[in-house]
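Structure first, commentary second.
Rule-based calculations on the coordinates, nothing more; no lab input. Keep in mind the model is a prediction, meaning the values are calculated, not measured. Every residue, glycine among them, receives a Cβ derived from its backbone with ideal geometry; neighbour counts consider all protein chains shown.
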Amino acid sequence: MKAAFYRTQIEALIEQVKQNNCVGSKQNFTIPVQHHIDPERLAAEKKVFARTPLMIAHSSELSKPGDYLVREIDGRSWLLVRGEDGRARAFLNYCQHRGTLLLDSESGNCGKKISCPYHAWTYSTAGDLKAIPHRELFPDVELDNKALKQGGLQEAYGFLWLSQLPSAQLPIEKFMGGLHEEMQAMQLQNYSVFFNKTRTLNANWKLPLYAFLEPYHIGVLHKNSIADFFIKNIASSERFGPHIRSYVPRKNVLELESLDWEKAKLSEFVTPTNLVFPNVCMISHPTSISVIAMFPGDSPDTCSWQHWLLVPEMPGNEKQRQHYEKSVALLDGITYMKEDFWVSEQIQKGLNAGALDELTLGINEFMIQAYCENLDNALDSLGAQVH
Ligand code: FES
Ligand SMILES: [Fe+2]
């Protein structure tokens, strides 16, 4: 973390801690229930996803030429593959002959070519059609016209970013705006993926994000896991275009006042979270970083989520390995799975039951309000129907 980037916010946070007063919005805010149960709203949100660079994989997951990953987004299979030229590309994972899924395992190395299992049309890792068996059977087909359909794929900040609509692709630095400098300073390309899992959830994709954007629940929902690490009910945040940077103070945060911030390890004193619009939370723990990406499901009350736990380097001995295993057990196994994600499913049941008129936010839940405004703005700019 870069001290200069955080200074103003952390000073504000320390002031709030001293005064035991969370500076939030001036008034309560409500979110319509409809935003979590309406298929039309979901369809509009998926259009926002289609036009936004999505953090889809850590660069190290495609470390060598021929390495590939298969990811399903909004019912379509994407093939991410690193070419012989070292560049990673994204293709719709379907053969241009008759549409067969080309690669069906989640990951692997395809060597220099991708060969369809049906009739063996064969593509290069750059997506060009290279060979048609019994070429004479297709006198009217030009190889050049049958390349795989490509999405936009950018590699930045240690991650691969997919733009499903290449024509709408934003350069990643522009997309990141004011958060660019910090994303770059995090040097996530030097981290390793210690844990990586994708799961489905019976809840709207936004509900877990709300849980990462407010400190109000920490003392209650997390009382058996992480609550003791934090000062209750205080958070500070900053908006960078559609992205949000937030900070929650750990119990020892006041010790920072007597330390040189350039030398201190700030994540031992505050927990910063980057919400990268629209669907990713990056949470800096003292010795690791959780990156959690939410993806809408087929219906408003289902989604899938991926959790990468990034570590500065892979453990070199048993003691380090056990340390990170413990982090996974506490963070993924309990804090997220049994608490934040569990409660999201409980909330969805209440919303589906028609049990409340609206979701109500306290003044210290103001970051959720900011997030909802950002999403509404994105929906408005699509000209989508917003309910
Ligand atoms: S469908 Fe792929 S080669 Fe026929
Ligand atoms: Fe939480």
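List of remarks:
- At an R0 of 45 angstrom, the distance between the Cβ atoms of Thr287 and Asn352 translates into a FRET efficiency of 0.70.
- The calculated FRET efficiency for the pair Glu373 and Asp85, based on their C-beta separation and a Förster distance of 30 Å, comes to about 0.10.
- Since only Leu69, Pro166, Val270 are under comparison, the one whose Cα sits farthest along the positive direction of the charge dipole of the chain, derived from C-beta charges on Lys, Arg, Asp and Glu, is Leu69.
- Taking all Cα pairs closer than 8 Å and separated by 6 or more residues, the relative contact order of the stretch 61-169 comes to 21 percent.
- Pairwise centroid distance, computed over Cα atoms, of the stretch 213-255 with the stretch 267-310, Å: 14 Å
- Packing, taken as the mean count of other beta carbons within 10 Å per residue, orders the peptides 69-80, 45-56 from highest to lowest as 45-56, 69-80.
- Neighbour net charge for Gln164 - beta-carbon separation under 14 angstrom, K R +1, D E -1: +4
- Available extension along the chain between Val23 and Thr8 is 4.0 nm, counting 0.36 nm per residue and deducting the alpha carbon span.
- Listed by number, the DSSP H helices of the chain that run 18 Å or longer by alpha-carbon position along their axis and have mean Kyte hydropathy of at least -1.0 are 3-19, 39-51, 366-382.
- Global form of the stretch 61-169, assessed from the alpha-carbon gyration tensor, a/c cut-off 1.5: prolate
- As a rough guide to protection, the peptides 30-37, 272-279, 228-235 ranked by mean Cβ packing within 10 Å, highest first, stand as 272-279, 228-235, 30-37.
- Reduced Cα scattering model of the stretch 204-312, Debye log10 I(q)/I(0), q = 0.11, 0.18, 0.20 Å⁻¹: -0.38, -0.98, -1.17
- Rg [Å, one decimal], Dmax [Å, integer] - the stretch 293-387, C-alpha atoms: 18.2, 54
- FRET efficiency for the pair Tyr118 and Val193, taken as 1/(1 + (r/R0)^6) with r the Cβ-Cβ distance and R0 = 45 Å, rounds to 0.85.
- Estimated distance in nm for a label pair at Glu313 and Thr100, the labels positioned 7 Å out from Cα along Cα-to-Cβ: 4.5 nm
- Dimensionless Rg ratio for the stretch 135-265, taking C-alpha atoms and the 2.2 N^0.38 Å reference: 1.58
- Neighbour-count order for Met282, Met183, Met314, fewest beta carbons within 10 angstrom listed first: Met314, Met183, Met282
- For Asn274, the shell of other residues with beta-carbons less than 9 Å away shows a net charge of 0, using +1 for Lys and Arg and -1 for Asp and Glu.
- Relative contact order (%) - the chain, alpha-carbon pairs under 8 angstrom, separation at least six: 22 percent
- Using a 4.7 Å Cβ-Cβ cutoff, the cysteines of the chain lacking any partner cysteine are Cys22, Cys110, Cys281, Cys303, Cys372.
- Enclosed volume per residue, in Å³, of the convex hull spanned by Cα atoms of the chain: 152 Å³
- Under 14 Å from a label point set 7 Å out along the Cα-to-Cβ vector of Ala227, the amide N atoms of the stretch 336-352 belong to 339-340.
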